[in-house]
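Chemist: The structure under discussion is supplied below as structure tokens; questions concerning it will follow.
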Amino acid sequence: MHRLRTCVVRLRPLTASQNATSFSQQRTAVTPGALRTFQPFRCYTAPVAAEPFLNGTSSNYVEEMYYAWLENPKSVHKSWDIFFRNANEGAPPGSAYQSPPPVGVSISGLSQAQALVGAQPNVEKLVEDHLAVQSLIRAYQIRGHHVAQLDPLGIMDADLDSYVLADIITSSGKLGFYGLEEADLDKVFRLPTTTFIGGSESALPLREIIRRLEMAYCQHIGVEFMFINDLQQCQWIRQKFEKPGVMQFTLDEKRTLLARMVRSTRFEEFLQRKWSSEKRFGLEGCESLIPALKTIIDKSSENGVESVIMGMPHRGRLNVLANVIRKELEQIFCQFDSKLEAADEGSGDVKYHLGMYHRRINRVTDRHITLSLMANPSHLEAVDPVVQGKTKAEQFYCGDSDGKRVMSILLHGDAAFAGQGIVYETFHLSDLLSYTTHGTIHVVVNNQIGFTTDPRMARSSPYPTDVARVVNAPIFHVNADDPEAVMYVCNVATQWRATFHKDVVVDLVSYRRNGHNEMDEPMFTQPLMYKQIKKQKPVLQKYAEKLIAEGAVSRQEYEEEIAKYDKICEEAYNRSKDEKILHIKHWLDSPWPGFFTLDGQPKSMSCPSTGLNEEVLSHIGQMASSVPVEDFTIHGGLTRILKGRAMMVQNRSVDWALGEYMALGSLLKEGIHVRLSGQDVERGTFSHRHHVLHDQNVDKRTCIPMNYIDPNQAPYTVCNSSLSEYGVLGFELGFAMASPDALVLWEAQFGDFHNTAQCIIDQFISPGQAKWVRQNGIVLLLPHGMEGMGPEHSSARPERFLQMCNDDPDTYPVCPFEILPVLQRTHFRRLIPEEGSASQNSAGVKRLIFCTGKVYYDLTKERKTRGLEDTVAISRIEQLSPFPFDLVKAEAEKYPQAQLLWCQEEHKNQGYYDYVKPRISRVFNNTRPTWYAGREPAAAPATGNKKTHLVELERFLNTAFNLNDFQGQS
């Protein structure tokens with residue numbers, strides 16, 4: 001069988017001696033689809049229209065019908081009986097189908113010629129009409145959303161296309177497309193199994209079929225799901241939207257929905273009354289977002305969810321904080337008072353970027369639930385992977401392996417959802433084993449405009465949500481001015497996530513009543529839209545009038561609900577005037593309680609010894625050089641590598657890979673979870689790590705020796721990532737945010753590969769403490785070295801990181817600050833002084849070279865070659881920031897006659913020079929100049945020509961060791 005536009009049936013010709021019994025026996029001996037193994041075969045085109053049966057069911061349907069016919073020819077429709085008889089008699093391909101005989105004429109009374117040739121047009125039309133109806137149903141399922149009434153303003157097409165589909169009937173009537181006529185509207189048609197519009201009925205008049213399809217797919221909800229390649233999931237969605245009467249709500253549900261709409265609307269109106277000249281990025285035009293989120297959270301709580309991590313842009317954030325997270329209103333209101341100062345450190349960002357962490361009782365389920373709204377900058381979608389990482393971490397730490405206790409909700413704007421690539425990167429993490437959060441509910445606040453940009457100028461896709469199709473996420477478009485439709489869609493989305501643990505998108509098609517912010521004038525650029533918006537009745541008023549007309553609430557009850565919430569806001573406003581009320585702790589989204597204190601006192605930030613005894617290191621080294629799983633075949637080349645590691649352990653020496661293994665392994669042994677993520681980190685880009693071993697004979701069988709170090713160790717997670725830097729670094733940042741008691745590392749494939757993740761570094765890592773009092777222990781591993789490998793494979797651009805540090809080059813610190821070591825060392829040394837023969841001849845040292853990193857080894861080799869070990873001292877600055885002023889001073893004072901020189905292999909306008917020079921000069925109040933040895937300024941980080949690289953290296957080494965240079969210069 002082939003699922004083509006027509007069904008191809010392969011039939012074995014009957015012989016005269018064969019009967020139904022023999023075919024019954026023959027049928028039991030084969031599996032579905034085994035018909036194609038019968039010989040000899042002939043191919044015939046079955047009398048079915050284009051794709052009448054969904055997702056591969058058509059061939060099975062024909063097989064089953066054929067088997068049924070073999071046992072009882074009267075069990076199938078007469079047209080199929082003739083088809084199977086003709087096919088069995090050897091009719092040529094394409095000629096087997098003939099219309100059945102007129103009513104009252106038996107098939108047995110027809111000759112073969114009559115069966116092949118005779119056909120009544122009315123019977124043939126009956127078959128064609130049934131198939132046409134099936135095609136019609138499928139057209140609504142596939143494309144009904146294109147004609148749904150989604151725009152509250154009634155002026156825009158949500159899919160940016162005003163073309164009226166030829167195969168969707170709607171009220172205009174286009175029966176001719178399917179060969180149907182007006183007279184067919186009252187005919188009864190049997191419904192296929194791929195629709196639920198009949199409810200308990202198996203057949204309906206065509207007029208009623210069309211009406212029910214329009215109600216299911218062409219009203220205020222547009223459903224995109226037919227691209228999903230899973231039949232069970234498609235059937236599940238059809239059932240939720242096609243069954244008659246599914247969108248029914250109780251009186252209590254309607255009253256609760258109205259109360260939530262009151263809070264959402266009146267909160268914005270209160271802010272507008274009190275602070276009319278302040279930006280707040282209000283929710284006017286999409287007030288149904290608040291009941292939407294509360295519905296998702298309520299239903300998730302019913303399903304057992306205990307923690308929800310959310311991310312969103314700034315539009316509506318204050319409303320979400322107030323009415324979803326339930327942040328104290330006075331804490332929000334006092335942010336508008338410019339005279340108030342924070343009682344402690346205070347926020348470094350504006351109120352509509354701030355986050356929140358709150359554990360409370362869900363009033364619908366009476367269960368505790370923790371809600372976190374992550375702080376997010378104006379890079380609107382940058383928070384997406386951060387939320388996913390934090391969600392994954394919380395799932396990991398509480399043993400939630402299937403996402404039933406911890407989940408994420410991401411809110412988006414339409415323009416950003418379509419325009420920012422991080423959305424795509426984040427979606428592609430959704431089903432990866434080490435990154436999945438088992439389903440995220442995405443809610444798009446679709447303003448139908450981006451700042452001042454028309455969507456027709458902002459995206460090429462029909463909908464802003466089309467990016468979600470890449471992971472087979474269903475997309476539910478809904479008119480945001482219909483709160484009940486919004487509530488129903490959110491119910492379905494939550495059930496989808498709980499059932500299939502996959503992403504789902506709710507597209508709230510709405511409008512923005514004000515400009516981009518309350519001070520902006522939208523009429524400059526969208527005059528027609530905003531003329532309509534000014535005439536648009538607010539959704540709360542429309543919904544209240546609907547419920548009052550239904551008798552669900554009285555006008556007095558509605559007005560009392562408004563007055564009650566207005567009073568709550570007014571009382572909170574009065575409390576907000578207390579100058580001592582603002583505390584930054586109220587705005588934390590990921591608190592680390594107790595991390596910075598011990599018994600109520602601040603913890604010492606000095607670095608303790610992290611050394612280990614040789615027995616522990618030897619044990620870890622042995623594990624690093626073994627395969628702790630029986631009958632596991634590794635690659636021959638890897639066998640040599642593991643033997644080399646074993647020899648190093650025996651000889652008490654290490655290389656970088658073994659040193660890393662020992663450092664991470666010792667942390668795991670101490671119970672500290674380690675997670676290493678990035679592109680190809682399992683093996684290592686330079687084939688040095690091999691933390692995951694692969695069985696050469698069994699596909700997908702792997703072994704991680706580091707998880708066999710100790711029975712009581714913490715787990716080691718090492719995972720190759722998708723080919724993303726922005727998304728994956730954001731994810732690991734979020735993971736590291738959840739707990740201080742873990743080592744989370746992200747490794748770039750090469751040093752400057754963090755450049756496409758720069759937004760995460762600039763917006764979250766560097767300023768996180770200052771902006772949001774957000775702590776994070778993320779570690780970036782950036783393998784690099786100046787070896788003539790070209791610009792992209794040489795420099796980690798350390799100057800960018802140093803530029804983002806906040807220590808003052810002109811201020812000598814009173815108390816030097818030590819950073820904690822990332823990997824294990826006996827004791828971290830902020831500066832490693834000269835310890836060779838030069839240190840014993842300090843008065844005779846003519847030059848003191850400061851450096852950092854790999855260039856030290858080039859310098860020591862060159863110094864030995866030139867015989868300058870007694871006259872040139874070399875010191876390594878290991879901690880660049882905060883700068884070790886005290887140790888640099890002590891080292892320089894040890895060599896009073898020496899010139900001070902900074903040497904680096906990077907170009908002069910890159911690397912560390914611009915950072916260290918003013919700080920070294922500050923140590924001596926500019927009385928001892930600091931000279932430079934390194935490459936000349938350049939636009940690119942490195943040359944890709946090996947010869948040029950070596951010439952540059954020789955040149956700056958000559959500069960570093962030519963003791964006659966710089967004489968007499970100031």
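Here, each number is a calculation from the coordinates, and none is a lab measurement. No experiment lies behind these values; they were computed from the predicted model shown. Here the Cβ is made from the backbone with ideal geometry for all residues, glycine too, and neighbour counts use every protein chain on show.
Chemist: Based on the Cβ-Cβ distance of GLU893 and TRP656, what FRET efficiency does E = 1/(1 + (r/R0)^6) give at R0 = 45 Å, to the nearest 0.05?
Modeler: So, using R0 = 45 Å, E works out to roughly 0.85.
Chemist: List the equivalent ellipsoid semi-axes of the range 638-783 in whole Å, largest first, each obtained as the square root of 5λ for an eigenvalue λ of the Cα gyration tensor.
Modeler: Ellipsoid semi-axes (Å, largest first): 29, 18, 15.
Chemist: Rounded, prolate or oblate: which one fits the range 251-587, using the alpha carbon gyration tensor with axes a ≥ b ≥ c (rounded when a/c is under 1.5, else prolate when a/b beats b/c, else oblate)?
Modeler: rounded
Chemist: Shape call for the range 124-242 from the C-alpha gyration tensor, a ≥ b ≥ c root eigenvalues: rounded (a/c under 1.5), prolate (a/b greater than b/c) or oblate?
Modeler: oblate
Chemist: Give me the extension gain from LEU950 to PHE924: residue separation times 0.36 nm, minus the current Cα-Cα distance, reported in nm with one decimal.
Modeler: Fully extending the segment from LEU950 to PHE924 adds 5.9 nm.
Chemist: Quick check on the range 443-519: what does the Kirkwood estimate of hydrodynamic radius come out to from the alpha carbon pairs, in Å?
Modeler: Computed over the range 443-519, the radius equals 13.7 Å.
Chemist: Return the subset of LYS390/LYS502; LYS846/LYS947; LYS294/LYS564; LYS294/LYS542; LYS894/LYS917; LYS327/LYS535 for which the Cα-Cα distance in this structure is over 22 Å, preserving the input order. Can you show the working numbers first?
Modeler: On the way: LYS390/LYS502 18 Å; LYS846/LYS947 31 Å; LYS294/LYS564 20 Å; LYS294/LYS542 20 Å; LYS894/LYS917 19 Å; LYS327/LYS535 33 Å.
Over 22 Å apart, Cα to Cα: LYS846/LYS947; LYS327/LYS535.
Chemist: How far is it, in nm, from the label point at ARG359 to the one at HIS688 when both lie 7 Å from their Cα along the line to the Cβ?
Modeler: Distance between the two pseudo-spin positions: 4.3 nm.
Chemist: Then there is this: For ARG829 and ASN964, calculate 0.36 nm times their separation in residues minus their Cα-Cα distance, and state this gained length in nm to one decimal.
Modeler: 45.4 nm
Chemist: Right, next: Quick check on the range 362-438: take the gyration tensor over C-alpha atoms, sort the square-rooted eigenvalues as a ≥ b ≥ c, and tell me if it's rounded (a/c under 1.5), prolate or oblate.
Modeler: Numbers: a/c = 2.33, a/b = 1.40, b/c = 1.66.
Cα axes put the range 362-438 in the oblate bin.
Chemist: Based on alpha-carbon positions alone, could you give the equivalent ellipsoid semi-axes of the range 653-717 from the gyration tensor, as √(5λ), descending, whole Å?
Modeler: One finds semi-axes of 20, 16, 11 Å for the range 653-717.
Chemist: For the range 831-961, take the alpha-carbon Rg, divide it by the Kirkwood Rh, and send me Rg/Rh.
Modeler: 0.96
Chemist: Hey, how many Å between the Cα centroid of the range 268-319 and the Cα centroid of the range 414-464?
Modeler: 19 Å
Chemist: What is the Cα centroid distance between the range 706-757 and the range 822-865, reported in whole angstrom?
Modeler: A separation of 32 Å, based on Cα centres.
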